[in-house]
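Participant: Below you'll find the structure I mean.
The values are calculated or read from the model by the stated rules, or taken from the named source; none is laboratory data. Everything numeric here is computed off the predicted structure, so don't read it as measured data. Cβ placement follows ideal geometry from the backbone for every residue including glycine, while neighbour counts extend to all protein chains displayed.
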Amino acid sequence: MAERFESVGVVRDELAKVDYLSSEAIAGVVYLADRLGKPILVEGPAGTGKTQLAKSVAEITGSRLIRLQCYEGLDESKALYEWNYKKQLLRIQAERNAESSWDDISTDIFSDEFLLTRPLLEAIRAEDPVVLLIDEVDRVELETEALLLEVLSDYQVSIPELGTITARQVPMVFLTSNNTRELSEALKRRCLFLHIDYPDLDREKEIVLAKVPDVSEALADQVARIVRSLRQLELKKAPSVSETLDWARTLVLLGVEQITEETAIETVNILLKYQSDINRAVKELAAQAEGGPPKPGRPARG
Amino acid sequence: MSPAQPRDWSKLPSGLQPWVATGGRRPWDTPVTTDGPSTSSGGAAPAQSASAVADPIVDLLAGFIVELRAAGLPVSLTENLDAMEAVKHIPLEDREAFKYALAATLVKNNAHWRAFETVFEVYFSLRGKQYDLADDDGADAADEDLDDSEGQPGPEGMEGIRGLGGAGGDALSPEELAELLYRALLEGDEGLLRALARQAVKRYAGMEPGRPVGGTYYLYRTLRNLDLDDMLERLMAETREESPAPLTPLEERLERDEFETRLDQLKKEVEAEIRRRLVADRGVEAMARTLRKPLPEDVDFMHANREEMVALRKALHPLTRKLAVRLARKRRHGRKGPLDFRATVRNSLSYGGVPAEPKFRYPRPAKPEIFVIADISGSVAAFARFTLQLVHAISGQFSKVRSFVFIDGIDEVTRFFEGVEDIGEAVHRVNTEADVVWVDGHSDYGHALEEFYNRWGKEVGPKTTVLILGDARNNYHASQSWVIRELRHRARHVYWLNPEPQSYWNTGDSIVGEYGVHCDDVQECRNLRQLERFVDKLA
């Protein structure tokens with residue numbers, strides 16, 4: 001089995017080089033997936049870098065990224081392979097005059113030449129190192145999930161006319177899920193599970209520093225702190241990392257050095273996407289400005 | 001750390017070294033190759049290293065998995081084997097990595113993470129002589145711990161400790177301890193915080209071996225002595241003073257959040273320390289049993305504490321989403337009806353009159369209309385809240401949802417939910433603004449139902465499904481169960497959901513049986529799992 005990484009630390013450092021700041025858990029699971037040759041099922045709120053993780057791993061291992069975007073109604077011919085029907089027809093037409101038996105044609109038209117590979121088969125057949133990303137796997141129906149099982153556990157695809165195609169090398173496989181439905185036990189069992197949550201204060205600050213050019217350390221710190229405070233409110237949709245980055249970029253563009261209540265309230269619509277959330281955040285920030293009770297609703301500690 | 005590096009167990013930091021040892025067995029007691037137990041990239045032969053890992057850990061891991069299953073986590077055999085395989089690749093002395101390796105292979109649902117973490121902390125807690133309860137060892141331990149934290153980049157707080165010399169943490173007076181703690185919190189020095197939490201537990205919790213007292217008692221004692229209430233205000237005062245310009249409200253808010261996080265951190269450390277000591281005293285299995293935490297979907301509505309309530313609220317949102325998706329799909333797919341002759345003949349025209357493709361009549365079930373009548377008096381309020389929230393969150397699956405709440409008076413609260421994005425907010429308004437008190441604010445099902453019948457009874461029709469939520473503890477008032485009988489005549493279904501365990505029904509002032517005979521079904525509904533199952537069936 002290909003061992004791509006020396007140790008957990010190496011994974012973390014390599015990822016950091018391509019500006020993906022991983023936590024202990026993320027680096028650990030990626031390392032394990034490599035060693036055990038298992039796919040990783042990445043779950044977590046939207047905008048926490050699930051897809052980005054796959055891209056970054058592809059980048060550091062110098063692999064090609066093959067992406068299968070899942071949607072309701074995805075089927076075999078879109079995920080695995082399809083016979084090139086038109087080309088097969090042409091082939092038969094061309095043969096019509098020639099004296100060839102049915103057997104010749106039938107073996108001929110079900111050969112590699114007429115096979116259209118789709119992402120899963122492509123990843124299995126790849127000669128070069130690849131990373132397979134199966135994005136938003138929770139969107140396919142339960143029945144379609146079964147399509148993935150053979151690929152995920154044995155890294156092979158069975159095509160009735162051609163036989164079983166086995167992977168030449170074990171690709172890194174990432175599945176992402178937004179958890180809109182429970183995935184089947186069979187699928188979960190075949191994967192390592194990684195939950196990516198919102199990063200903690202320090203990591204978020206580092207991410208902002210790494211991803212936003214020209215941001216000052218003080219501003220990044222303030223951004224991270226405000227976002228953390230907002231996430232503690234009960235919101236419909238807490239600000240994600242990508243929204244944090246957007247906000248930081250906006251602030252840099254506006255030439256803001258120091259975030260005050262006014263700037264925060266004016267630009268909070270970049271962080272929050274629901275009107276009710278924005279109202280609540282503004283109310284919360286404004287309540288502070290009036291010097292009201294520090295945190296209504298939060299009981300005293302002790 | 002590179003796994004290929006030869007491992008000398010005795011040189012590990014004292015905090016890490018003994019965590020994996022149980023009952024006197026330590027990995028380094030077994031004949032281990034100098035390469036250490038983990039497979040290095042090109043090092044020890046797999047078989048050899050596998051056995052080296054397996055011996056001390058296999059038993060422990062087996063017990064760990066049994067406990068996970070007992071806590072309700074579905075751990076399959078393959079996952080079990082994966083976990084065994086995974087730990088071979090992880091440097092054993094890295095406790096965090098070990099934890100994540102186990103989590104990645106064993107826990108496949110984020111809601112189960114807390115349960116997993118608790119079991120992990122019990123099974124793989126830090127053990128060793130410095131955690132013994134005996135005092136003479138304790139002094140060394142505190143000393144070592146404080147030394148440990150020196151390695152961390154916590155600059156100023158350490159000077160105070162170094163000043164104390166070899167005497168270690170024990171020599172501190174309570175005032176000095178409090179002062180150090182204050183400094184640690186102010187500067188966010190985690191190493192020092194951890195050491196101080198240990199010292200505080202040792203000093204204040206008053207733990208005695210074999211004493212049958214729960215961990216919460218010790219936690220309470222320790223925290224009371226540390227007096228954290230004032231700490232936050234003091235920290236804020238100091239920050240205000242230190243800053244050159246007066247703090248803007250926003251800054252103040254951020255500082256407060258920061259300190260609260262640190263205080264939480266301290267509490268967690270104290271809890272962890274108490275747990276460690278309890279495990280050392282009582283043994284792993286006993287502790288795992290007492291600490292077992294129900295999964296969010298199994299938490300009893302009526303007895304959930306504040307923390308569990310938060311977990312429940314968090315679990316409710318994805319649940320409603322899943323339920324809505326599932327119900328919508330159920331409606332769309334997989335319903336075969338009888339042959340539709342007319343459509344088949346019509347369709348056969350395109351095949352030259354040959355009925356090649358049979359057409360079926362797909363049933364289009366009418367969406368039910370829901371009336372929720374919920375008791376929101378004290379004990380069952382949480383249950384009513386969750387059910388209202390759930391039903392309204394998936395209201396798209398019903399043609400109409402109307403909700404009524406009562407204690408001894410009854411009020412319609414549908415208006416709170418109309419055109420509101422934030423259902424949590426609406427439920428909050430229901431609890432505070434609805435007019436539900438008639439006489440004394442004690443549940444009176446009889447009066448509330450009678451009033452419901454008089455005011456809204458005519459609107460209940462053959463499409464309506466009536467849901468009544470409550471424990472039917474009527475304070476010995478008249479039951480007026482004829483209302484239910486009448487409702488059942490008018491409505492399509494009448495269901496009663498009772499948040500009490502079935503064995504409590506019809507005891508004391510509970511008269512659920514009296515109402516139950518007139519309902520289509522009376523169901524026990526104590527946790528999210530049962531609630532979800534019921535709603536799934538309903539739509």
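Participant: Could you say which residue among B:His477, B:His489 is assigned by TED's automatic domain parsing to the domain that holds B:Leu390 and at pLDDT below 85? Spell out the reasoning first.
Facilitator: Numbers: B:His489 fails: at pLDDT below 85.
Exactly one residue qualifies, and that residue is B:His477.
Participant: Can you name the residue in the range A:1-11 that is surrounded by fewer than 16 Cβ atoms within 10 Å (Cβ to Cβ) and more than 9 Å from chain B (Cβ to nearest Cβ) and is also modelled with the lowest pLDDT among such residues?
Facilitator: Looking at the filtered set, the residue picked out is A:Met1.
Participant: (1) assigned to a helix (DSSP H, G or I); (2) within 30 Å of the chain's Cα centre (by Cα): which one isn't true of B:Phe452, the others all being true?
Facilitator: With respect to (1) assigned to a helix (DSSP H, G or I); (2) within 30 Å of the chain's Cα centre (by Cα), B:Phe452 is out only on (2).
Participant: Follow-up question, since we're still on this one. Out of all the residues in the range B:492-539, which are of a type in the set (Ser, Thr, Tyr) and more than 26 Å from the chain's Cα centre (by Cα)? Steps first, please.
Facilitator: Of the range B:492-539, the ones of a type in the set (Ser, Thr, Tyr) are B:495, B:503-504, B:507, B:510, B:515.
Of everything in the range B:492-539, those that are of a type in the set (Ser, Thr, Tyr) and more than 26 Å from the chain's Cα centre (by Cα) turn out to be B:Tyr495, B:Thr507, B:Ser510, B:Tyr515.
Participant: I'm checking my understanding of the structure. Among residues of the range B:455-491 that are farther than 18 Å from B:Gly516 by Cβ and buried (at least 19 other Cβ atoms within 10 Å of the Cβ), which one is nearest to the chain's Cα centre (by Cα)?
Facilitator: B:Thr464
Participant: Name the single residue, out of those in the range B:400-437 being modelled with pLDDT under 80, more than 28 Å from the chain's Cα centre (by Cα) and part of a loop (DSSP other than H, G, I, E, B), that is farthest from B:Ile370 (Cα to Cα).
Facilitator: That would be B:Val437.
Participant: Of all residues in the range A:244-278, how many are more than 9 Å from every other protein chain (Cβ to nearest Cβ) and assigned to a helix (DSSP H, G or I)?
Facilitator: Selection size over the range A:244-278: 20.
Participant: For the range A:12-69, enumerate the residues that are more than 30 Å from A:Arg231 (Cα to Cα), within 14 Å of chain B (Cβ to nearest Cβ) and part of a loop (DSSP other than H, G, I, E, B).
Facilitator: Passing the criteria: A:Gly37, A:Lys38, A:Pro39.
Participant: Test each condition in (1) modelled with pLDDT under 75; (2) of a type outside the set (S, T, N, Q); (3) part of a helix (DSSP H, G or I); (4) under 24 Å from B:Arg492 (Cα atoms) for B:Lys322 and report the one that comes out false.
Facilitator: B:Lys322 satisfies every listed condition except (4).
Participant: Among the residues of the range B:81-124 satisfying the criterion of being within 30 Å of B:Leu319 (Cβ to Cβ) and not in a helix (DSSP H, G or I), which is nearest to the other protein chains (Cβ to nearest Cβ)?
Facilitator: B:Lys108
Participant: Another question, then. Let me confirm something: among A:Glu204, A:Glu185, which residue is in contact with a Lys or Arg (Cβ under 9 Å, 6 or more places away or on another chain), among the charged types (D, E, K, R) and buried (at least 22 other Cβ atoms within 10 Å of the Cβ)?
Facilitator: Details: A:Glu185 fails: buried (at least 22 other Cβ atoms within 10 Å of the Cβ).
Result: A:Glu204 is the single residue among A:Glu204, A:Glu185 that is in contact with a Lys or Arg (Cβ under 9 Å, 6 or more places away or on another chain), among the charged types (D, E, K, R) and buried (at least 22 other Cβ atoms within 10 Å of the Cβ).
Table: residues versus (1) among the polar types (S, T, N, Q); (2) within 13 Å of the chain's Cα centre (by Cα); (3) under 30 Å from A:Glu141 (Cα atoms).
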{"position": "A:Arg4", "(1), (2), (3)": "no, no, no"}
{"position": "A:Gly9", "(1), (2), (3)": "no, no, no"}
{"position": "A:Thr51", "(1), (2), (3)": "yes, yes, yes"}
{"position": "A:Ala54", "(1), (2), (3)": "no, yes, yes"}
{"position": "A:Val57", "(1), (2), (3)": "no, yes, yes"}
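Participant: Kindly list the number of the only condition in (1) assigned to a helix (DSSP H, G or I); (2) within 20 Å of A:Leu201 (Cβ to Cβ); (3) within 13 Å of chain B (Cβ to nearest Cβ); (4) of a type outside the set (D, E, K, R) that fails for A:Leu235.
Facilitator: With (1) assigned to a helix (DSSP H, G or I); (2) within 20 Å of A:Leu201 (Cβ to Cβ); (3) within 13 Å of chain B (Cβ to nearest Cβ); (4) of a type outside the set (D, E, K, R) applied to A:Leu235, the lone miss is (1).
Participant: Tell me, yes or no, whether the range B:476-489 has at least one residue that is assigned to a loop (DSSP other than H, G, I, E, B), within 16 Å of B:Phe383 (Cβ to Cβ) and of a type outside the set (Val, Ile, Thr). Working first, answer last.
Facilitator: Narrowing the range B:476-489 to residues assigned to a loop (DSSP other than H, G, I, E, B): B:476-481.
Next cut, within 16 Å of B:Phe383 (Cβ to Cβ) only: none.
No, every residue in the range B:476-489 fails to be assigned to a loop (DSSP other than H, G, I, E, B), within 16 Å of B:Phe383 (Cβ to Cβ) and of a type outside the set (Val, Ile, Thr).
Participant: Condition first: within 14 Å of another protein chain (Cβ to nearest Cβ) and in a helix (DSSP H, G or I). Now tell me which residues in the range A:106-148 satisfy that. Don't jump to the end; show me each part of the working.
Facilitator: If we filter the range A:106-148 for residues that are within 14 Å of another protein chain (Cβ to nearest Cβ), which is where we start, we get A:136-145.
Those that are within 14 Å of another protein chain (Cβ to nearest Cβ) and in a helix (DSSP H, G or I): A:Val137, A:Asp138, A:Arg139, A:Leu142, A:Glu143, A:Thr144, A:Glu145.
Participant: Additional query: Going residue by residue through the range B:243-261, is there one that turns out to be modelled with pLDDT under 70 and either in a helix (DSSP H, G or I) or of a type in the set (Phe, Trp, Tyr) (or both)?
Facilitator: Of the range B:243-261, the ones modelled with pLDDT under 70 are B:245-247.
Cutting the leftovers down to either in a helix (DSSP H, G or I) or of a type in the set (Phe, Trp, Tyr) (or both) gives us none.
No, there is no match, as no residue in the range B:243-261 is modelled with pLDDT under 70 and either in a helix (DSSP H, G or I) or of a type in the set (Phe, Trp, Tyr) (or both).
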